[in-house]
Amino acid sequence: DVENDAAFRNRVFAIFSGANTGTALGYSNAALADPSVIDAEVIEPGDDLMIRDGTEVVVAEDGTRTIISEGTGGKVDIYIFGTRIQEVIDSYIFRDLSNTGDPTNIANNFVLGQIAGDENKTVIRKRLDNLESGALPSQPVNSIISISGSLSGGNFAEKQTDGLGRVTGNFELLKDTGSFAGSPWGFDAISWISDRISRLAEDKTKVAFNGQDPLSFTDLLEIQDAQQTVPVVNENSTVNPADRSSIQLAHFPIKNVTRVLNVTTGERYVISSQNPDGDGTVNDTGRIVVTGQSLPAVSDTLQVDYTWILGFDPTFDFDNRLTTTNPRTVRDSIDWGFSNAVRRERVTLISSGSSLQATVTHPITAVISVNIFVEDTGALTLSSGRLSFISSQTVSNVVSIVRNSDGSELWNTSNVLLVDKLYFYQQIRLDLLER
């Protein structure tokens, strides 16, 4: 509440009163001298809040007090309200207490700042034991600075919601709203909102063509993107004829333009803006702005040095572990050979001495697999209300269904009805990596 004039006057006078030790005002001033104390209330003998000395006081409607039972007296209580921020490191072993395999289940919330051995005690029991031992739980919790895992490292992100209502992150601080909220015996806890870590960054060297490079992180579900920084040197970039201070680079996105030299005039320009069309360190348009004594002409030859961010497509350039099917087994690695995989090339095995040989169309880095498969042809029929391909042979696995007229792939495991069908012949299927 807003301080009234009388309380303000008394507080000002209290600053100059040096002989108030042992009085209610002295006790209050001593408590308020601590910068962590926001307010203090002194409970003197005879106050109806004083119950520690056994005195019982009745307060009438007009505010008068009557002592109906005298106690021992001689006691003063001071109730203090304040806050003292302290950084505490907490650790625990995560176990799925929900038995559902879902870390976001409410049963997996972890109460912070608890004293070891107090987990199963009631609040009343904890209060008695903690006050007696002189050690209080590290509650309430103002904020979580960071979370680090023994395997995942410090890659957990706190919950954030953008302007479109999209939620990102791994955890949030769930504040206690119960009877003990805001006290040392509160239940402020970590609540997990996601079972996966996103946007992990790692620097790797591409070791071999069509190779598989192991990554530091385990249990990968998706590789969202891969980028390579390519230094571009002495590029003759384009000058905008309408604004000669504006220069368009040939490649983008870019970062860190280090030099713009006019070879025709010998002038070296000052880069006044590395990213005039956006914010941050990454320039998505490739346009920069320069200043100098004489701006470059359209016909001048320039030499521009910068760093180009070359992005690899997660659908075609590498196995992103989520939306693609790779003929090779990949685990916690990035497979650069995915884009060069030749699937199901048909070849005929020819006997050569004690071995069989096959000639493929493209140069290869490695042979992934050699399989004999059965091919069948025929027309689709209507069966059980669905278009079906009927075979007289037992089918254990379907590799593909292709329409002969245009080569379109029609196979979809969840939607195709398999029934047995007519005739077959043998071919060899090779999965290759083209060099």
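The values are calculated or read from the model by the stated rules, or taken from the named source; none is laboratory data. Worth saying up front: this structure is predicted, and the values here are computed from it rather than measured. With ideal geometry, Cβ positions are generated from the backbone for all residues, glycine too; neighbour counts draw on all protein chains shown. These accessible areas exclude ligands, DNA and RNA; they are computed on the full protein's heavy atoms, side chains included. Shrake-Rupley method; radii C 1.70, N 1.55, O 1.52, S 1.80 Å.
Given the conditions (1) loosely packed, with under 10 Cβ neighbours inside 10 Å; (2) touching a residue at least 60 places away in the same chain (Cβ under 8 Å), and given that Phe110 satisfies all but one, which numbered condition is not satisfied?
With respect to (1) loosely packed, with under 10 Cβ neighbours inside 10 Å; (2) touching a residue at least 60 places away in the same chain (Cβ under 8 Å), Phe110 is out only on (1).
Are there any pairs, at least 6 apart or on different chains, whose C-beta atoms fall under 9 Å, with the first in region 195-211 and free of Cβ contacts under 8 Å to residues at least 24 places away in the same chain and the second surrounded by fewer than 12 Cβ atoms within 10 Å (Cβ to Cβ) and assigned to a loop (DSSP other than H, G, I, E, B), and if so, which?
Listed by first residue and then by second, the contacts come to Glu202/Ser216.
Could you list, in sequence order, all residues of region 160-179 that are surrounded by fewer than 16 Cβ atoms within 10 Å (Cβ to Cβ) and touching a Phe, Trp or Tyr at 6+ places or on another chain (Cβ under 7 Å)?
Selection gives Gly178 alone.
Within the group Asp195, Asp176, which residue is among the acidic types (Asp, Glu) and either outside any loop (DSSP other than H, G, I, E, B) or closer than 21 Å to Thr100 by Cβ (or both)?
When all the criteria are applied, what remains is Asp195.
Can you work out which of the residues in region 317-332 that are open to solvent by 50 Å² or more (accessible area, probe 1.4 Å) and closer than 22 Å to Glu202 by Cα is farthest from the chain's Cα centre (by Cα)?
So the residue we want is Thr329.
Kindly provide the set of residues from region 380-389 that are of a type in the set (Gly, Ala, Ser) and either surrounded by 10 or more Cβ atoms within 10 Å (Cβ to Cβ) or touching a Gly at 6+ places or on another chain (Cβ under 7 Å) (or both), ordered by number.
Correct list: Ser383, Ser388.
For every residue, the table says whether it meets (1) touching a Phe, Trp or Tyr at 6+ places or on another chain (Cβ under 7 Å); (2) not acidic (Asp, Glu).
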{"residue": "Val290", "(1), (2)": "yes, yes"}
{"residue": "Thr324", "(1), (2)": "yes, yes"}
{"residue": "Gly337", "(1), (2)": "no, yes"}
{"residue": "Ile364", "(1), (2)": "no, yes"}
{"residue": "Asp376", "(1), (2)": "yes, no"}
{"residue": "Leu382", "(1), (2)": "no, yes"}
{"residue": "Gly385", "(1), (2)": "no, yes"}
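Return the residues of region 253-276 that are surrounded by 13 or more Cβ atoms within 10 Å (Cβ to Cβ), hydroxyl-bearing (Ser, Thr, Tyr) and within 41 Å of the chain's Cα centre (by Cα); say none if nothing qualifies.
Those that are surrounded by 13 or more Cβ atoms within 10 Å (Cβ to Cβ), hydroxyl-bearing (Ser, Thr, Tyr) and within 41 Å of the chain's Cα centre (by Cα): Tyr269, Ser273.
Is at least one residue of region 131-153 surrounded by 16 or more Cβ atoms within 10 Å (Cβ to Cβ) and either free of Cβ contacts under 8 Å to residues at least 24 places away in the same chain or assigned to a helix (DSSP H, G or I) (or both)?
No - not one qualifying residue is present in region 131-153.
Which of the following residues is open to solvent by 30 Å² or more (accessible area, probe 1.4 Å), farther than 30 Å from Asp317 by Cβ, assigned to a loop (DSSP other than H, G, I, E, B) and of a type in the set (A, V, I, L, M): Ala208, Ala250, Ala201, Ala242?
Ala242
Testing Phe338 on (1) open to solvent by 70 Å² or more (accessible area, probe 1.4 Å); (2) free of Cβ contacts under 8 Å to residues at least 60 places away in the same chain, one condition comes back false. Which one is that?
Condition not satisfied by Phe338: (1).
Looking at region 245-294 only, could you name the residues that are more than 19 Å from Gly311 (Cβ to Cβ) and of a type in the set (Gly, Ala, Ser)?
Once the filter is applied, which keeps residues that are more than 19 Å from Gly311 (Cβ to Cβ) and of a type in the set (Gly, Ala, Ser), region 245-294 yields Ser245, Ser246, Gly266, Ser272, Ser273, Gly292, Ser294.
So which of Val374, Val370, Val399, Val395 is within 22 Å of Phe338 (Cβ to Cβ), surrounded by 12 or more Cβ atoms within 10 Å (Cβ to Cβ), at pLDDT below 80 and β-branched (Val, Ile, Thr)?
Unique residue meeting the criteria: Val399.
Scan region 10-33 and give yes if some residue there is surrounded by fewer than 13 Cβ atoms within 10 Å (Cβ to Cβ), within 30 Å of Val111 (Cα to Cα) and within 57 Å of the chain's Cα centre (by Cα), otherwise no.
Checked against the condition, which is being surrounded by fewer than 13 Cβ atoms within 10 Å (Cβ to Cβ), within 30 Å of Val111 (Cα to Cα) and within 57 Å of the chain's Cα centre (by Cα), region 10-33 yields no hits at all.
Quick one: in region 69-107, which of the residues that are touching a residue at least 24 places away in the same chain (Cβ under 8 Å) and acidic (Asp, Glu) is surrounded by the most Cβ atoms within 10 Å (Cβ to Cβ)?
Asp77
Name the residue that is farthest from the chain's Cα centre (by Cα), counting only residues in region 334-368 that are more than 24 Å from Phe209 (Cα to Cα) and not hydrophobic (A, V, I, L, M, F, W, C).
Checked region 334-368; the qualifying residue farthest from the chain's Cα centre (by Cα) is Gly353.
Only one of (1) without any contact (Cβ under 8 Å) to a residue 12 or more places away in the chain; (2) more than 26 Å from Val398 (Cα to Cα); (3) among the hydroxyl-bearing types (Ser, Thr, Tyr) is not met by Thr329, so which one is it?
Thr329 satisfies every listed condition except (2).
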